[in-house]
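Everything below concerns the one structure shown next.
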Amino acid sequence: MDRRQVAAVLAYIGRLDPRTIRAGTGEARDQIARWQELLDDVPFATAHGWDVREAIRAHVLDSPYPILPVDVARRWRAHRRDRLDRHTDPTPGADPDDPAAWRAELLRSRNAVAAGMAAPSTHRQITRGDRPRDVEERLREIGSCIPPAVRAELARYRPTRAAREAAIDERVPDALDVQCDWCHARVGSPCRQRRASPDGAARGNAVRATPHPSRVDLAAARRDLHRAV
């Protein structure tokens with residue numbers, strides 16, 4: 001704010017709180033100088049949410065003490081921090097191979113938000129282009145979020161998952177879609193080794209790389225039944 005705006009602010013404060021009025025010409029001039037030094041970077045009003053008169057009214061209503069210039073400056077800084085906290089940098093339109101232009105555009109965007117000349121950008125505006133499409137639509141377009149080479153490497157560590165994916169590719173029934181009658185593995189869970197001890201109790205709990213044959217037959221029979229229906 002310049003001296004003229006600071007004088008208008010002090011006049012407004014004096015109307016709400018007569019204790020701040022300075023009758024003498026010298027005292028009024030010194031008061032304007034002190035306030036202008038602290039409010040030099042504080043705008044009188046912005047297009048997006050800041051008005052110094054609202055900050056003054058809030059202080060007069062909330063505090064029994066006369067307002068000081070630091071009270072206004074602190075409210076402005078809190079307002080600016082809040083705007084920047086809600087701001088997500090949109091992707092600059094500058095060439096990403098030009099770091100200086102990229103950084104300059106980001107700084108211009110942030111300074112405009114901090115100064116109240118632009119509204120904060122929401123998180124959805126971090127990407128450019130059309131609205132985000134449905135996730136399944138994107139997966140249908142790209143095929144898979146895991147590259148084929150990475151999927152092949154992971155197959156050694158995920159044999160059950162690899163077997164299910166191979167069954168889908170070969171268009172054979174997925175045995176894990178049904179419960180296993182032998183080891184009682186639930187739908188979606190791999191089969192377990194089940195050995196009978198001499199006393200007839202079932203022992204062993206190791207995961208099988210392949211489902212039990214009876215489970216494969218049950219999945220095939222269920223698929224044939226669905227086709228017949």
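The values are calculated or read from the model by the stated rules, or taken from the named source; none is laboratory data. Computed from a predicted model, the values in this text were never measured in an experiment. Cβ: placed from backbone, ideal geometry, glycine included. Neighbour counts: every protein chain shown. Quick note on the areas: whole protein, heavy atoms, side chains included, nothing else; ligands and nucleic acids left out. Shrake-Rupley method; radii C 1.70, N 1.55, O 1.52, S 1.80 Å.
A few comments on the model shown:
- Residue match in the stretch 70-90 (condition: acidic (D, E), under 25 Å from S121 (Cβ atoms), modelled with pLDDT under 90 and part of a helix (DSSP H, G or I)): yes
- Of the residues making up the stretch 180-191, those that are under 17 Å from N205 (Cβ atoms) and open to solvent by 90 Å² or more (accessible area, probe 1.4 Å) number 3.
- Answer residue from the stretch 92-106, given it is outside any loop (DSSP other than H, G, I, E, B) and exposed (fewer than 12 other Cβ atoms within 10 Å of the Cβ) and is farthest from the chain's Cα centre (by Cα) among those: A100
- Residue list for the stretch 107-118, restricted to those being closer than 30 Å to R34 by Cβ and open to solvent by 50 Å² or more (accessible area, probe 1.4 Å): N111, M117
- Matching residues, the stretch 88-118, being over 16 Å from W50 (Cα atoms) and touching a residue at least 12 places away in the same chain (Cβ under 8 Å): T88, D89, P90, T91, P92, G93, E105, L106, S109, R110
- Some residue of the stretch 195-205 being out of contact with any Pro (no Cβ under 8 Å at 6 or more places or on another chain), open to solvent by less than 60 Å² (accessible area, probe 1.4 Å), modelled with pLDDT of 75 or more and over 30 Å from P96 (Cβ atoms): no
- The condition of being hydrophobic (A, V, I, L, M, F, W, C), farther than 13 Å from R208 by Cα and within 36 Å of the chain's Cα centre (by Cα) holds for only one of V178, V187, V172, that being V187.
- Selection of the stretch 1-58 for residues being open to solvent by 70 Å² or more (accessible area, probe 1.4 Å), closer than 19 Å to A115 by Cα, in contact (Cβ under 8 Å) with a residue 40 or more places away in the chain and in a helix (DSSP H, G or I) yields only R53.
- Test: residue in the stretch 68-91 that is open to solvent by 40 Å² or more (accessible area, probe 1.4 Å), touching a His at 6+ places or on another chain (Cβ under 9 Å) and over 22 Å from R3 (Cα atoms): no
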